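Student: The following block contains the structure, expressed as C-alpha cells.
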Amino acid sequence: MQVFIVQFFIFFTFYILSAYATTDILRLLKGSTLPVNSAYCYCPNCNNKIALKDQIPILSYFLNHGKCKSCGCKIPPNDLFLEVFFFLSFSSITLFFHFRWSAYFLCVALYEVVKCIFLFLHGKRENEFGKNLVRSLLNNLLLFLFLAFPFALLSL
C-alpha cells in the first residue's frame with residue numbers, strides 16, 4: 001500500500017510539473033520568469049491574475065472551455081497539447097522503467113531537451129533571455145530535486 005501511495009504521488013507531481021512546463025516555456029518566450037514557489041499566473045491577453053482553482057492542469061482547460069475567465073480570450077490548444085505531452089511522456093517513461101532512477105533521469109532530460117527545442121524553434125526571444133533561461137534552469141533544479149524524493153523512497 002505504501003508503494004502505491006508513493007507511485008500516486010509521483011504521477012500527481014508529473015501532473016503538476018506538466019502545467020509548470022507550459023508556463024515556464026511561455027514565460028521564457030515572453031522574456032520573464034517567476035520563481036518555482038510563485039503561485040501567480042496571468043492571462044497573456046488581459047494580464048489579470050488567474051485564480052488558483054483555475055490553474056488545475058488540463059482539467060481547468062476543459063472546465064473553462066479553453067478561455068480566460070476574465071476576458072474570454074481563447075487559450076491556444078498548444079498549451080493543452082504541451083501539458084498532455086509532458087504528463088503522458090513522464091508517466092510512460094516511469095512505468096516503462098518501473099519507477100527506477102533511470103526513469104527519473106530520463107524525465108529530467110526529456111523536460112529540458114523539449115523545453116530548449118521549443119524555445120529555440122518557436123517564437124522570438126525577448127531581452128535578457130539568457131538570464132531568464134538560467135533562472136528557469138535553477139527553478140527546474142529545485143522542482144526535480146523535490147521529485148527525486150519519492151523515487152528515493154521507492155528504491156529503499
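Student: Take the residues in the stretch 38-50 that are free of Cβ contacts under 8 Å to residues at least 12 places away in the same chain and in a loop (DSSP other than H, G, I, E, B); name whichever of them is least open to solvent (accessible area, probe 1.4 Å).
Tutor: Only one residue fits best here, namely Ser38.
Results for (1) in contact with a strand residue (DSSP E or B) (Cβ under 7 Å, 6 or more places away or on another chain); (2) surrounded by 17 or more Cβ atoms within 10 Å (Cβ to Cβ); (3) within 21 Å of Leu59 (Cβ to Cβ), shown as yes or no for each residue.
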| position | (1), (2), (3) |
| --- | --- |
| Lys74 | yes, no, yes |
| Val84 | no, no, yes |
| Phe118 | no, yes, no |
| Ser136 | no, yes, no |
| Phe146 | no, no, no |
| Ser155 | no, no, no |
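Student: Of (1) touching a residue at least 12 places away in the same chain (Cβ under 8 Å); (2) open to solvent by 30 Å² or more (accessible area, probe 1.4 Å), Ser92 satisfies all except one. Which?
Tutor: Among (1) touching a residue at least 12 places away in the same chain (Cβ under 8 Å); (2) open to solvent by 30 Å² or more (accessible area, probe 1.4 Å), the lone unmet condition for Ser92 is (1).
Student: May I ask you to say which residue of Leu95, Leu143, Leu156 is touching a Leu at 6+ places or on another chain (Cβ under 7 Å) and aliphatic (A, V, I, L, M)?
Tutor: The match here is Leu143.
Student: Lys53 fails exactly one of the following numbered conditions: (1) surrounded by fewer than 16 Cβ atoms within 10 Å (Cβ to Cβ); (2) modelled with pLDDT under 80; (3) in a loop (DSSP other than H, G, I, E, B). What is the number of that condition?
Tutor: (3)
Student: If the Cβ limit is 8 Å and pairs must be 6+ apart or interchain, which residue in the stretch 109-121 that is under 22 Å from Leu145 (Cβ atoms) and modelled with pLDDT of 80 or more pairs with which residue that is part of a helix (DSSP H, G or I) and open to solvent by 40 Å² or more (accessible area, probe 1.4 Å)?
Tutor: These pairs meet every condition: Glu112/Leu137; Val114/Phe85.
Student: Considering the stretch 56-84 alone, what residues qualify as being in a loop (DSSP other than H, G, I, E, B) and in contact with a Phe, Trp or Tyr (Cβ under 6 Å, 6 or more places away or on another chain)?
Tutor: Passing the criteria: only Pro57.
Student: Let me ask something additional. Which members of the stretch 4-50 meet the condition of being among the hydroxyl-bearing types (Ser, Thr, Tyr), over 27 Å from Ala103 (Cβ atoms) and at pLDDT 70 or above?
Tutor: Within the stretch 4-50, Tyr42 is the sole residue that qualifies.
Student: Take Leu110 and decide whether it is surrounded by 17 or more Cβ atoms within 10 Å (Cβ to Cβ) and either under 15 Å from the mean Cα position of the chain (by Cα) or outside any helix (DSSP H, G or I) (or both).
Tutor: no
Student: Which condition does Ser70 not pass, out of (1) small (Gly, Ala, Ser); (2) without any contact (Cβ under 8 Å) to a residue 24 or more places away in the chain; (3) out of contact with any Leu (no Cβ under 8 Å at 6 or more places or on another chain), if it passes all the others?
Tutor: The failed condition is (2).
The values are calculated or read from the model by the stated rules, or taken from the named source; none is laboratory data. Everything quoted here is computed from the prediction, not taken from an experiment. In this analysis, Cβ positions are derived from the backbone assuming ideal geometry, glycine residues included, and neighbour counts consider all displayed protein chains. SASA here: full protein model, heavy atoms, side chains in, ligands and nucleic acids out. Shrake-Rupley method; radii C 1.70, N 1.55, O 1.52, S 1.80 Å.
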